[in-house]
Number of protein chains: 2
Amino acid sequence: MIQNDTFLRALRREPTPHTPVWLMRQAGRYLPEYNATRAKAGSFMGLATNPALAAEVTLQPLARFPLDAAILFSDILTVPDAMGLGLSFAEGEGPRFARTVRDEAAVRALAVPDLAKLRYVFDAVALIKRELAGRVPLIGFAGSPFTLACYMIEGGGSPDFATVRRMAYARPDLLGEVVAVNARAVAAYLAAQIDAGADAVMLFDTWGGLLPADAYRRFSLGPMRDVLAALAARPGPRVPTIVFTKGGGAWLPEIAASGADGVGLDWTVDIAAARAAVGGRVALQGNLDPLVLLTDPDTVRREASAIVRAAGPAPGHIFNLGHGIVPGTPPENVAALVEAVHATSRTVRLAAAAS
Amino acid sequence: MIQNDTFLRALRREPTPHTPVWLMRQAGRYLPEYNATRAKAGSFMGLATNPALAAEVTLQPLARFPLDAAILFSDILTVPDAMGLGLSFAEGEGPRFARTVRDEAAVRALAVPDLAKLRYVFDAVALIKRELAGRVPLIGFAGSPFTLACYMIEGGGSPDFATVRRMAYARPDLLGEVVAVNARAVAAYLAAQIDAGADAVMLFDTWGGLLPADAYRRFSLGPMRDVLAALAARPGPRVPTIVFTKGGGAWLPEIAASGADGVGLDWTVDIAAARAAVGGRVALQGNLDPLVLLTDPDTVRREASAIVRAAGPAPGHIFNLGHGIVPGTPPENVAALVEAVHATSRTVRLAAAAS
């Protein structure tokens with residue numbers, strides 16, 4: 001049993017005494033203890049592929065802040081790496097693949113990877129679960145099929161993912177094959193994380209918002225729906241799911257109908273308008289601009305409280321940022337954030353109960 | 001009188017025999033004749049500040065393609081340059097300001113610039129109008145008050161405009177002052193373009209979509225509304241206006257209520273859904289992904305026609321890209337685009353009339 005299960009209850013839209021909060025990239029470079037562990041590991045992938053060290057950094061933010069969930073420390077690109085594309089992270093730069101997937105031959109050669117190559121991830125999940133000892137739930141995650149395709153086709157990060165967008169228009173058949181393989185791979189990967197102990201899983205669709213609406217439906221939302229359907233069809237207890245498309249604010253009703261239990265919101269979305277748009281179908285997760293954490297504790301408290309109040313007292317809000325914590329964030333601002341979310345949400349509930 | 005006034009009629013939501021088309025950055029680096037003129041001018045600002053050369057590049061795309069409007073060749077940063085911030089463009093890089101606007105003293109020192117410093121722009125407008133000889137309308141433009149503030153505060157371009165977003169949270173009073181001055185400057189600047197002969201004016205809000213919804217209303221949409229109100233209050237014939245917020249797809253009903261005659265759509269927006277969201281209030285302008293122009297003529301024709309069909313036969317669609325033409329665009333793809341928009345829109349009208 002999980003002692004603080006507010007995150008899971010909010011995801012099921014059940015009442016909670018306060019709004020649960022966790023933060024994308026809560027284990028990361030803004031924490032000196034993370035940097036120390038990463039230095040020990042030698043490299044980002046050295047850290048991600050070492051279950052003991054991955055567990056260590058996963059738990060670090062929970063030792064500092066009363067967060068309501070842990071999230072596996074890993075990277076979305078472990079999956080295409082296991083497909084044989086040769087992932088590396090040059091110091092101070094983004095990810096790079098040794099091989100790209102741009103032509104018919106490369107697309108035909110793609111296959112769902114042997115999950116044994118990703119055992120370090122599942123071992124980390126199992127180890128974190130043991131070390132959490134039921135304090136809070138553990139969230140597993142994967143990149144969305146389309147977001148993985150972006151890196152696989154482009155060969156790394158990009159300001160505009162021009163190669164991918166060109167392929168969406170000129171060779172939709174090829175891009176369709178890539179995301180279909182990715183959807184099967186991601187479904188198997190998340191199922192294995194669940195088997196290893198993940199209490200919920202999230203799909204990060206960082207780049208779906210770059211697409212025209214119809215291409216988003218075809219290449220991003222559709223494959224995510226396939227992943228969610230595959231997870232829902234598994235025997236055993238249902239593990240809740242969250243989808244997050246950055247830049248998907250105009251498509252929230254469709255995203256909410258994807259089969260996910262929760263929908264992540266980036267910081268541009270008005271959370272009250274989002275609730276009105278999706279009704280009571282799903283939990284909403286978000287959505288403070290991560291750059292608010294670069295200001296000061298008073299500003300952090302004010303902006304975080306505004307979101308808690310806009311989300312209202314009804315069940316189904318999980319507080320988060322609208323994107324990952326940025327490296328220069330002062331940890332004391334994160335402390336102020338978590339405290340403000342808990343305190344304001346208790347006040348909002350009391351006021352609603354009294355009225 | 002203007003011979004081909006389809007652009008102005010579509011902007012007023014009046015019937016036209018075909019859907020008018022113009023393209024953001026239609027005068028630009030994808031055209032060899034533009035590069036030749038720019039080389040002659042020596043630098044980007046040398047080109048922008050020389051009315052004869054600015055007129056020359058403005059007219060170049062019209063000599064190649066049957067476009068339905070010309071747009072002044074200039075840069076949105078002429079206004080903060082005239083405010084004394086010291087604009088320069090380093091070769092191969094983006095714009096840079098010698099002075100930034102980040103503290104109280106710099107904000108207090110801001111003022112609406114002497115329009116005499118921008119006379120080269122108004123001279124270019126007058127010259128282009130003469131050389132167009134009434135063939136098609138001429139569009140004037142300015143950056144939105146918030147988008148100008150982004151560059152003024154950051155000191156140049158940025159992937160995330162972190163300094164501006166931090167100011168929006170920590171010092172909303174200061175950012176409010178900057179955009180208020182900018183709104184007065186932009187209103188005066190556009191009024192002078194209209195006096196010089198511009199037949200319509202457009203506000204480019206490239207960065208408003210980076211803001212949370214409430215900050216967008218306060219710092220971007222509100223000041224744009226002020227600009228539009230100032231223009232509407234001028235004596236003389238009403239000159240139609242267009243606002244374009246990149247990333248504003250979730251806010252279209254509010255943008256459509258801003259007082260503008262037309263609303264620009266970026267390429268992520270479903271134009272049929274946009275029409276349903278805003279009703280018949282405004283014309284819609286857009287919204288092909290500019291990267292479609294990096295594919296091939298057949299793909300360009302198919303994707304452009306799909307947008308024309310999605311926009312439907314009702315008046316009030318101006319075809320455009322969802323963002324500016326990118327430098328590597330083959331001119332023959334632009335030719336295919338313009339031809340497809342004209343041909344498909346005639347077919348759509350005939351089919352609607354016959355049914």
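The values are calculated or read from the model by the stated rules, or taken from the named source; none is laboratory data. Since the structure is predicted, the reported quantities are computational estimates derived from the model, not experimental observations. No Cβ is skipped: glycine too gets one built from the backbone with ideal geometry, and neighbour counts run over all protein chains shown.
Results for (1) within 25 Å of residue A:209 (Cα to Cα); (2) without any contact (Cβ under 8 Å) to a residue 60 or more places away in the chain; (3) surrounded by fewer than 17 Cβ atoms within 10 Å (Cβ to Cβ), shown as yes or no for each residue.
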site: B:294; (1), (2), (3): yes, yes, no
site: B:310; (1), (2), (3): yes, yes, no
site: B:335; (1), (2), (3): no, no, yes
site: B:340; (1), (2), (3): no, yes, no
site: B:346; (1), (2), (3): no, no, yes
site: B:355; (1), (2), (3): no, yes, yes
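Given the criterion more than 22 Å from residue A:163 (Cβ to Cβ), among the basic types (Lys, Arg) and outside any helix (DSSP H, G or I), identify the matching residue among B:281, B:275.
B:281
Considering only residues that are of a type in the set (A, V, I, L, M, F, W, C) and part of a strand (DSSP E or B), which ones fall in the stretch A:89-111?
Once the filter is applied, which keeps residues that are of a type in the set (A, V, I, L, M, F, W, C) and part of a strand (DSSP E or B), the stretch A:89-111 yields A:89, A:97.
Among the residues of the stretch B:320-335, write down those that are over 20 Å from the mean Cα position of the chain (by Cα) and either more than 23 Å from residue B:294 (Cβ to Cβ) or within 13 Å of another protein chain (Cβ to nearest Cβ) (or both).
B:328, B:330, B:333
Which condition number in (1) within 19 Å of residue B:100 (Cβ to Cβ); (2) surrounded by fewer than 24 Cβ atoms within 10 Å (Cβ to Cβ); (3) away from chain A (no Cβ under 14 Å) is the one that residue B:174 fails?
(3)
Looking at (1) in a loop (DSSP other than H, G, I, E, B); (2) under 19 Å from residue A:147 (Cα atoms), which is the only condition residue A:236 fails?
Only one criterion in (1) in a loop (DSSP other than H, G, I, E, B); (2) under 19 Å from residue A:147 (Cα atoms) is unmet by residue A:236, namely (2).
If you go through the stretch B:241-264 one residue at a time, do you hit one that is touching a residue at least 60 places away in the same chain (Cβ under 8 Å), crowded, with 22+ Cβ neighbours inside 10 Å and within 14 Å of chain A (Cβ to nearest Cβ)?
yes
Check the stretch B:308-319 and report whether any residue there is at pLDDT 95 or above, at the interface with chain A (Cβ under 9 Å from one of its Cβ atoms) and over 21 Å from residue B:70 (Cα atoms).
Checked against the condition, which is being at pLDDT 95 or above, at the interface with chain A (Cβ under 9 Å from one of its Cβ atoms) and over 21 Å from residue B:70 (Cα atoms), the stretch B:308-319 yields at least one hit.
From the list A:29, A:13, pick out the single residue that is surrounded by fewer than 20 Cβ atoms within 10 Å (Cβ to Cβ), basic (Lys, Arg) and at positive phi.
Just a single option satisfies the conditions, and that option is A:13.
Can you tell me which residue within the stretch B:194-211, out of those that are more than 14 Å from every other protein chain (Cβ to nearest Cβ) and of a type in the set (Asp, Glu), is nearest to residue B:241 (Cα to Cα)?
Here the residue is B:199.
Taking the stretch B:208-228 as the region of interest, how many residues are touching a helix residue (DSSP H, G or I) at 6+ places or on another chain (Cβ under 7 Å) and of a type in the set (Gly, Ala, Ser)?
Qualifying residue count for the region: 4.
Is it fair to say residue B:289 is more than 22 Å from residue B:65 (Cα to Cα) and either crowded, with 17+ Cβ neighbours inside 10 Å or more than 13 Å from chain A (Cβ to nearest Cβ) (or both)?
Answer is no for this residue.
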